[in-house]
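Quick notes on the structure that follows.
Rule-based calculations on the coordinates, nothing more; no lab input. Since this is a predicted model, take the numbers as computed values, not measurements. A quick note on method: Cβ atoms are made from the backbone with ideal geometry, for glycine too, and the neighbour counts reach across all protein chains shown.
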Amino acid sequence: MHNMNKVKMLEFPQLGDERGHLVIAEAMKDVPFEIKRVFYIYGSDADVVRGQHANKETEFVLINVAGKSKVKVKDGEGNEAIYCLNRPHTGVYLPTMIWKDMYDFSDDSVLLVLASTHYNPDEYIRNYDEFVKVISEDMD
Ligand code: TYD
C-alpha cells in the first residue's frame, strides 16, 4: 500500500486566453521531481496495452495532451487503481516501484511522459511476479 498512496492526480496551471490554451508543467513546482527526460506515445491502437513494468529508480508524470487513455497501477500487494487521462491540464504522478499498464488509447491520444531519470533499461522490472517478489522483500 505504501507506494499506492503516493500515486496522485496533478492539476497544472492553465494560462489560456483568447489566443488559445497554455498549460505549464514546471519541475519541482508542478511536477515533484527534476525532469531529465520527455517522451510521448501516440498511434497506439485501442486494444494495445503498454507499460507493463515497474521502475526501480524512475518517477513519471503522464499527461494526455490530446485524446484519452487509462493507466492502471498496482502496488504488488493486491491493491490497484485506474486513472483516466482525458484533459490536457491534468496528469498522474507515478512513484518508483509501482506497476503500470497504459491502455484504452483513443485514436487521437498523445500521451506525454515526464521522467525523473535518463533512460536505463536495467532499472525496469518487466516481469510481474518478480515485481511482487521485490516488493515483498522490501517490506521485510
Ligand atoms: P517501452 O518501455 O516498451 O515503452 P512503454 O513503457 O510505453 O510500453 O519502450 C519501447 C522501446 O523504446 C524499448 O525498446 C525501449 C525504448 N525506449 C528508449 O530507448 N528510451 C526511453 O526513454 C523509453 C521510454 C523507451
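Name the single residue that is surrounded by the most Cβ atoms within 10 Å (Cβ to Cβ) among those in segment 105-130 being among the small types (Gly, Ala, Ser) and closer than 16 Å to Tyr42 by Cβ.
In this case the residue turns out to be Ser109.
Name the pairs: first residue in segment 28-44 and without any contact (Cβ under 8 Å) to a residue 60 or more places away in the chain, second residue aromatic (Phe, Trp, Tyr), Cβ to Cβ under 7 Å, at least 6 apart or on different chains?
Hits for this filter: Asp30/Phe12.
Go through the residues of segment 38-57 one by one and say whether even a single one is surrounded by 19 or more Cβ atoms within 10 Å (Cβ to Cβ), of a type in the set (A, V, I, L, M, F, W, C) and within 16 Å of the ligand (Cβ to nearest atom).
Checked segment 38-57: at least one residue is surrounded by 19 or more Cβ atoms within 10 Å (Cβ to Cβ), of a type in the set (A, V, I, L, M, F, W, C) and within 16 Å of the ligand (Cβ to nearest atom).
Could you list, in sequence order, all residues of segment 1-26 that are assigned to a loop (DSSP other than H, G, I, E, B) and under 30 Å from Met139 (Cβ atoms)?
Listed by number, the residues that qualify are Met1, His2, Asn3, Val7.
Test each condition in (1) within 11 Å of the ligand (Cβ to nearest atom); (2) charged (D, E, K, R); (3) out of contact with any strand residue (DSSP E or B) (no Cβ under 9 Å at 6 or more places or on another chain) for Arg126 and report the one that comes out false.
(3)
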